[in-house]
Amino acid sequence: MSKQNKIKTKKTSSYIPLDSPIDRMHPMVKIYGVLCLGIGCAAFPFLWLSYAVVAFLFCVAWRAKLLGRFSKFIIAFAVPITCMLLIIQGLYSPKNVTVLADFGFARLGLEGVVYAFKTVGTLLVFLGGFYLMTTTTYPGKLVTAMQDAGLNSKAGYLVLASLNVVPQIQRRIAVIQEAQTARGVEVEGTMSTRFKAFLPIIGPTVMSSLVDVQERGMTLETRGFGVKDVRPTSFVALYLTPGEKAAKKVLVAFLIVCVLFAVFWALRPVLGLGV
Amino acid sequence: MRIEIRDLRHTYPTGEEALKGVSFTIEGVTPVAVVGQNGSGKTTLVKHFNRILSPTSGAVLIDGVETTKQSTAKWSKRVGYVFQNPDDQLFLNSVRKEFEFGPERVGVPAADIQKRLPEIAELCGLGDKLDSHTFDLTATQKKFCAIGSVMMMDPDVIIFDEPTCGQDVEGSRRLSEIIGHLEKRGKLCVTISHDMKFVAANFPRVVALCHGRVLIDGDSREVFAKPELLKKSFVSPPPISRVSLGMGFEKPAFSVDELVETMKARRRKMA
Ligand SMILES: Nc1ncnc2c1ncn2[C@@H]1O[C@H](COP(=O)(O)OP(=O)(O)O)[C@@H](O)[C@H]1O
Ligand SMILES: [Mg+2]
């Protein structure tokens, strides 16, 4: 790996450069994937579809050589959210009719549990998809793809910049935390000491992010993003292969089928098809 | 005060091997300068002194105690670290609060804090800025605010990471004063710097790093007498030293006065 490449991956985004078919894929297909799969699952009335798609995403992650990291990401996200939603929806949802278990102080209702799993499933599809897209796509390629699709360069730059925000804030927090420990703030140990250590750094982190936004605005001007009537060309050229064109069509078809089915399912009583 | 570095290696999670076996010992309170090109591992090295970083292998011992024995927060009482970028360090809304923050954290009594405050503010040139917001300070003042806020903790060792960077003549003079003040009070000062004139004027000992290893370590006159070796780390002795070496003097001069003196002495000898 060249020195420059190393710097790029260390400093600017969540992109992890690994040679894989997913990495080489046209970014537009990945954007279609995130949106079509996510919206399709959200619309679809049964929860099994989301989990089928999550299973599919695991296969994609394996092809992208990211199975380990992807699993970690999904577990770190899914477990706490599921527990939280199960407690809130399962125990207290007003929709609860069917009682699964009675704890005395509260009852676990089937409807709430189903709702919790449905929500978690949909979130996993969206976030998992988004995670895979950002880790397998060089940001420059992503923005070029969006511009090819008609997005203007200012918007493209902002998308690129916001993709960098999360890793940037993470790095910032790490640096500020270092500086705090060097001034006697204990960051290791119990939850409460850690939380206390975290409080004073929120201010500077937000501040420096604001400064960043301002600098970004200025960058747009100084780099000639304001220039009118000239269509800028990009350094990264992208073409859709026939396979990718087909993949795009399949994804759109998936979305349409899901939405049609959802509409059909919702109109069932009206259409006079028994419950 | 004794800092012992034993075959220290550090590899970052990215796989970058920043230190490849560094060994030397600092004893006493004579100021030490660490020099070397960008990326040679200077910051990585000094971040081990208060366990901001832990060795991948090897060890750093402060007065015989391995740094890994306690947390950075605990070490901060004894080892002060001034970051290169004051914006990483400052986060309160007045200079006074910045100055009080560190010592409060490590349990210095309020009365002692108030006693230290005016003296250190004066040394840092912030005597009349105590109630200013840190955003309203100039870049130089911010740097001194960061320095002062660490001095307030009264550690036995203070590490400055590139304090001369972006500093004007007045700033450099003030910094020299602070370094002198620390030595007088029995505090060790370890400083990373790219300004060789500043190094020559303030640091009797110089350690030069190159690609994660010690290139030369010794008395500043001896180190600056080897410009050819220093070149490997893209460091060149102060201009006046190069002139004196070029003229064939054995020891490099560190100031114009010195050079003039040596020349006069030579003439007298010849006459
Ligand atoms: N947080 C980090 N993660 C990965 N690599 C790093 C990190 N910090 C520094 N490095 C690398 O370690 C090497 C030494 O860096 P550093 O100690 O900052 O050098 P110096 O202070 O002499 O400029 C450099 O090659 C740098 O890229
Ligand atoms: Mg450095």
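How many residues are more than 12 Å from residue B:55 (Cβ to Cβ), among the acidic types (Asp, Glu) and either away from chain A (no Cβ under 14 Å) or under 21 Å from the mean Cα position of the chain (by Cα) (or both) when one looks only at segment B:2-19?
Of the residues in that region, 1 qualify.
Those residues that are polar (S, T, N, Q) and near ligand 1 (Cβ under 8 Å from one of its atoms), I need them from segment B:5-21; list them, please.
B:14
Among the residues of segment A:120-159, what is the count of those that are open to solvent by 40 Å² or more (accessible area, probe 1.4 Å) and of a type in the set (S, T, N, Q)?
1
Tell me yes or no: at least one residue of segment B:194-203 is farther than 16 Å from residue B:31 by Cα and within 16 Å of ligand 2 (Cβ to nearest atom).
Looking through segment B:194-203, none of the residues is farther than 16 Å from residue B:31 by Cα and within 16 Å of ligand 2 (Cβ to nearest atom).
Which condition from (1) crowded, with 18+ Cβ neighbours inside 10 Å; (2) under 20 Å from residue B:40 (Cβ atoms) is the one that residue B:211 breaks?
Only one criterion is unmet by residue B:211, namely (1).
Can we say residue B:90 is within 10 Å of chain A (Cβ to nearest Cβ) and under 27 Å from residue B:193 (Cα atoms)?
Yes.
Kindly provide the set of residues from segment B:99-117 that are open to solvent by 30 Å² or more (accessible area, probe 1.4 Å) and within 23 Å of the chain's Cα centre (by Cα), ordered by number.
B:100, B:116 - these are the residues of segment B:99-117 that are open to solvent by 30 Å² or more (accessible area, probe 1.4 Å) and within 23 Å of the chain's Cα centre (by Cα).
Is it the case that residue B:24 is open to solvent by 10 Å² or more (accessible area, probe 1.4 Å) and within 14 Å of ligand 1 (Cβ to nearest atom)?
Considered against the rule, which asks whether it is open to solvent by 10 Å² or more (accessible area, probe 1.4 Å) and within 14 Å of ligand 1 (Cβ to nearest atom), residue B:24 comes out as no.
Among (1) crowded, with 19+ Cβ neighbours inside 10 Å; (2) closer than 19 Å to residue B:124 by Cβ; (3) away from ligand 2 (no atom under 15 Å from the Cβ), there is one condition residue B:183 misses while meeting the rest; what is its number?
All conditions are met except number (1).
Which members of segment B:120-157 meet the condition of being open to solvent by 50 Å² or more (accessible area, probe 1.4 Å) and modelled with pLDDT under 95?
B:128, B:129, B:131, B:133, B:135, B:136, B:138, B:139, listed by residue number.
Quick one: which helices (runs of 4 or more DSSP H) sit completely within segment B:182-266 and have at least 1 residues that are more than 30 Å from residue B:63 (Cα to Cα)?
B:196-202, B:227-230, B:239-246
Quick test for you: out of B:22, B:35, B:60, pick the one residue that is modelled with pLDDT of 95 or more, over 15 Å from the mean Cα position of the chain (by Cα) and within 16 Å of ligand 2 (Cβ to nearest atom).
From the options B:22, B:35, B:60, the qualifying one is B:22.
Which one of these is within 24 Å of residue B:131 (Cα to Cα), open to solvent by 10 Å² or more (accessible area, probe 1.4 Å) and more than 9 Å from chain A (Cβ to nearest Cβ): B:70, B:84, B:37?
Sole residue among the options that is within 24 Å of residue B:131 (Cα to Cα), open to solvent by 10 Å² or more (accessible area, probe 1.4 Å) and more than 9 Å from chain A (Cβ to nearest Cβ): B:84.
Answer yes or no as to whether residue B:241 is among the polar types (S, T, N, Q) and farther than 27 Å from residue B:27 by Cβ.
When the stated conditions are applied, residue B:241 does not pass them.
Mind counting the residues in segment B:141-178 that are under 20 Å from residue B:101 (Cα atoms), of a type in the set (D, E, K, R) and assigned to a loop (DSSP other than H, G, I, E, B)?
Residues flagged as under 20 Å from residue B:101 (Cα atoms), of a type in the set (D, E, K, R) and assigned to a loop (DSSP other than H, G, I, E, B) within segment B:141-178 amount to 2.
Only one of (1) without any contact (Cβ under 8 Å) to a residue 60 or more places away in the chain; (2) within 16 Å of ligand 2 (Cβ to nearest atom) fails for residue B:50. Which number is that?
(1)
Any residue that is in contact (Cβ under 8 Å) with a residue 24 or more places away in the chain, farther than 17 Å from residue A:250 by Cα, more than 14 Å from chain B (Cβ to nearest Cβ) and open to solvent by 50 Å² or more (accessible area, probe 1.4 Å) - is there at least one of those in segment A:30-40?
For segment A:30-40, residues in contact (Cβ under 8 Å) with a residue 24 or more places away in the chain, farther than 17 Å from residue A:250 by Cα, more than 14 Å from chain B (Cβ to nearest Cβ) and open to solvent by 50 Å² or more (accessible area, probe 1.4 Å): absent.
Tell me, which helices (runs of 4 or more DSSP H) lie completely within segment B:31-119 with 3 or more residues that are assigned by TED's automatic domain parsing to the domain that holds residue B:137 and within 16 Å of ligand 1 (Cβ to nearest atom)?
Passing ranges, in order: B:42-46.
The values are calculated or read from the model by the stated rules, or taken from the named source; none is laboratory data. Just so it is clear, the model here is predicted, and its values are computed rather than measured. All Cβ positions, glycine included, derive from the backbone under ideal geometry; neighbour counts span all protein chains shown. Please note that ligands, DNA and RNA were not included when accessible areas were found on the heavy atoms of the full protein model with its side chains. Shrake-Rupley method; radii C 1.70, N 1.55, O 1.52, S 1.80 Å.
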